[in-house]
1. Can you tell me how segment 14-94 classifies by the Cα gyration tensor, rounded, prolate or oblate, using a/c under 1.5 as the rounded cut?
2. How large is the dipole of the chain about the Cα centre if only Lys and Arg carry +1 and Asp and Glu carry -1, each at its Cβ, rounded to the nearest 20 debye?
3. For segment 22-64, rounded, prolate or oblate, judged on the Cα gyration tensor with a ≥ b ≥ c (square roots of eigenvalues), a/c < 1.5 rounded, else prolate if a/b > b/c?
4. Between PHE143, TRP114, MET97, whose Cα lies farthest towards the positive end of the dipole of the chain when Lys and Arg beta carbons carry +1 and Asp and Glu beta carbons carry -1, centred on the Cα centre?
5. In terms of the Cα gyration tensor, with a ≥ b ≥ c the square roots of its eigenvalues, is segment 1-138 rounded because a/c is under 1.5, prolate because a/b exceeds b/c, or oblate?
6. With each label point set 7 Å from Cα along the Cα-Cβ vector, what nm distance links HIS134 and LYS88?
7. For the chain, what is the calculated [θ] at 222 nm in deg cm²/dmol (nearest 500), taking -39500 (n - 2.57) for each run of four or more DSSP H residues and dividing by its residue count?
8. Quick one: with all protein chains in place, what share of the accessible area of the chain is carbon or sulfur, to the nearest percent (1.4 Å probe)?
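The values are calculated or read from the model by the stated rules, or taken from the named source; none is laboratory data. These numbers were taken from a predicted model, which means no experiment stands behind them. Positions of Cβ are generated from backbone atoms using ideal geometry, with glycine treated the same way; all protein chains shown enter the neighbour counts. Just so you know, the surface numbers come from the protein's heavy atoms only, side chains and all, with ligands and any DNA or RNA stripped out. Shrake-Rupley method; radii C 1.70, N 1.55, O 1.52, S 1.80 Å.
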Amino acid sequence: MTPDDLVLTPLGLRFRGRRYPCSIGKGGLSACKHEGDGATPIGVHRIVGLMYRPDRMARPTPWAVPITPRDLWSDDSGREDYNQLVSKPYSGSHETMRRADPLYDLVLITDWNWPYAIPNRGSCIFLHQWRRPHYPTEGCIAFRRDHLRQIARGLRYGSRLIVRG
């Protein structure tokens, strides 16, 4: 392991000598992830993107990309652009990246089932803000807002997220 690794433990996410409380998927951890199971996939995942809401915060790192009003994430496993960033208008099943709530004000994107997605294996696992402390996600990992910002500032593109079973 390296100092750039994020390691999910039963007590939270360990990164650069600190432990950050977090939430995982309502389906727990899974070695057999599939679309809609609500599980956080076990494995080693790379951080391949960082998006933020420029109307709500300053750019957290030089490699962060602004979320625009047209940005969506495809979770339609029957489409060629499954598990990819897409734009409005989009007729397939998707998540809106620019949300009314603050959950996706800052989003770290992992390489789970990306860039060549296998249908029904599950769409992207994000690191994002939690709804409230320890409220489960749909498979992502969620944090307190200030902790997520600290983590994002300390990461580099390609840092590893290690999720053990």
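1. Numbers: a/c = 2.21, a/b = 1.05, b/c = 2.11.
Oblate shape, in that a/c is at least 1.5 and b/c is the bigger or equal ratio.
2. Details: 25 positive and 16 negative charges, 161 e Å.
In total the dipole reaches around 780 debye.
3. Details: a/c = 3.27, a/b = 2.18, b/c = 1.50.
Since a/c reaches 1.5 and a/b is larger than b/c, the shape of segment 22-64 is classed as prolate.
4. PHE143
5. Values: a/c = 1.59, a/b = 1.15, b/c = 1.39.
Oblate.
6. Roughly 3.7 nm, to one decimal.
7. Details: 1 runs with 10 residues, N = 165.
The helix contribution divided over the chain gives -2000 deg cm²/dmol.
8. Values: 4200 of 8030 Å².
The computed percentage sits at 52.
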